[in-house]
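The values are calculated or read from the model by the stated rules, or taken from the named source; none is laboratory data. What you see is a predicted model; the values in this text were computed from it and never measured. Every residue, glycine among them, receives a Cβ derived from its backbone with ideal geometry; neighbour counts consider all protein chains shown.
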Amino acid sequence: AQRVTQPEKLLSVFKGAPVELKCNYSYSGSPELFWYVQYSRQRLQLLLRHISRESIKGFTADLNKGETSFHLKKPFAQEEDSAMYYCALGGANNLFFGTGTRLTVIP
Amino acid sequence: GAVVSQHPSRVICKSGTSVKIECRSLDFQATTMFWYRQFPKQSLMLMATSNEGSKATYEQGVEKDKFLINHASLTLSTLTVTSAHPEDSSFYICSANRGPYEQYFGPGTRLTVT
C-alpha cells in the first residue's frame, strides 16, 4: 500500500540555520516523489520533484531508496520559507500526500 | 500559465441542501481533475478522480451518491455535495493535470453547513 509519513507536524528553525523536513514513504513499485508547499493564504504549489533533480528556492531533496526517504533540505533558512510543506507520492495521474510539516523560520 | 480556479471560494448552506463547486483550468485542457478534502490542520485526502467524458473514480470510503462529480468538458469539473450535513463542512480543493507529473491546484472552497 502507498503511504507517506512526515513525522514532524511542526518545525521551527532560526533564520540562517539549516533545515531538514523529513519524509518517508512506503511503495511497492518504483516511486515518484514530490514536495509541495503552501504559503499562507495561497494555494498548494509544486516545489520540486525527484525526477527533475533540481534545486528550487535553495531547497533540494534526494531520493534514498534504501531508507525509503525523500527528505527536503535547505542549508540556510529564510523567513519567507515559513509555510506548510507536503511530501507526496504518486505518478503521472495521482498523488498521495503526507500529513504535512509546518515550518516556521524565526527571525 | 497553468491556472486552476474554483468557485465559490466560500459557501454556507443549510443542512439538507445541495451545493455545487466548480473547478476550471483556465489556460489548459485537463482530461483528468482531482478532488481533495482537507480537514483543519490535516493533510489533503483524495476523494475522487474526475475523468472527462466518463464516470469519476472514487476513493474507498467516499460516497459517490453524496459527492457527485461531473467532468463535462476539458476545462470544467464540478463537485456537488448532496443533502449536505454539518459533518460535510470542510475545505475542498481541486487540481488538474496539464501533463504527466504536472498537477496544478485550485485555491480551494470552504464549505460550511449549518
Checklist entry - Does B:SER54 satisfy being within 14 Å of chain A (Cβ to nearest Cβ) and either of a type in the set (S, T, N, Q) or out of contact with any strand residue (DSSP E or B) (no Cβ under 7 Å at 6 or more places or on another chain) (or both)? => result yes
Next on the checklist: Here's a check for you: in the stretch A:93-107, which residue that is more than 19 Å from B:GLN42 (Cα to Cα) and in contact (Cβ under 8 Å) with a residue 12 or more places away in the chain is farthest from the other protein chains (Cβ to nearest Cβ)?
Outcome noted: A:PRO107
Checklist entry - From the set of residues in the stretch B:69-84 that are in contact with an Asp or Glu (Cβ under 6 Å, 6 or more places away or on another chain) and not hydroxyl-bearing (Ser, Thr, Tyr), which is surrounded by the fewest Cβ atoms within 10 Å (Cβ to Cβ)? => result B:LEU74
Checklist entry - Out of all the residues in the stretch B:31-47, is one or more assigned to a loop (DSSP other than H, G, I, E, B), crowded, with 16+ Cβ neighbours inside 10 Å and more than 13 Å from chain A (Cβ to nearest Cβ)? => result no
Checklist entry - Which of the strands (runs of 3 or more DSSP E) contained wholly in the stretch B:57-107 include at least 1 residues that are basic (Lys, Arg), within 14 Å of chain A (Cβ to nearest Cβ) and closer than 12 Å to B:THR32 by Cβ? => result B:90-99
Item to check | The one condition in (1) modelled with pLDDT under 95; (2) under 13 Å from the mean Cα position of the chain (by Cα) that B:SER43 fails to fulfil | outcome: (2)
Checklist entry - For the stretch B:76-107, which residues satisfy the criterion of being farther than 27 Å from A:LEU48 by Cβ and of a type in the set (S, T, N, Q)? => result B:THR78, B:THR80, B:THR82, B:SER83, B:SER89, B:SER90
Checklist entry - Identify, please: which residue in the stretch A:1-50 is of a type in the set (A, V, I, L, M) and more than 24 Å from B:TYR36 (Cα to Cα) and is, among those, farthest from the chain's Cα centre (by Cα)? => result A:ALA17
Checklist entry - Can we say B:GLN60 is touching a Leu at 6+ places or on another chain (Cβ under 8 Å), surrounded by fewer than 16 Cβ atoms within 10 Å (Cβ to Cβ) and within 27 Å of B:TYR101 (Cβ to Cβ)? => result no
Checklist outcome for this item: The correct count of residues that are in contact (Cβ under 8 Å) with a residue 40 or more places away in the chain and touching a strand residue (DSSP E or B) at 6+ places or on another chain (Cβ under 7 Å) in the stretch A:41-69 is 3
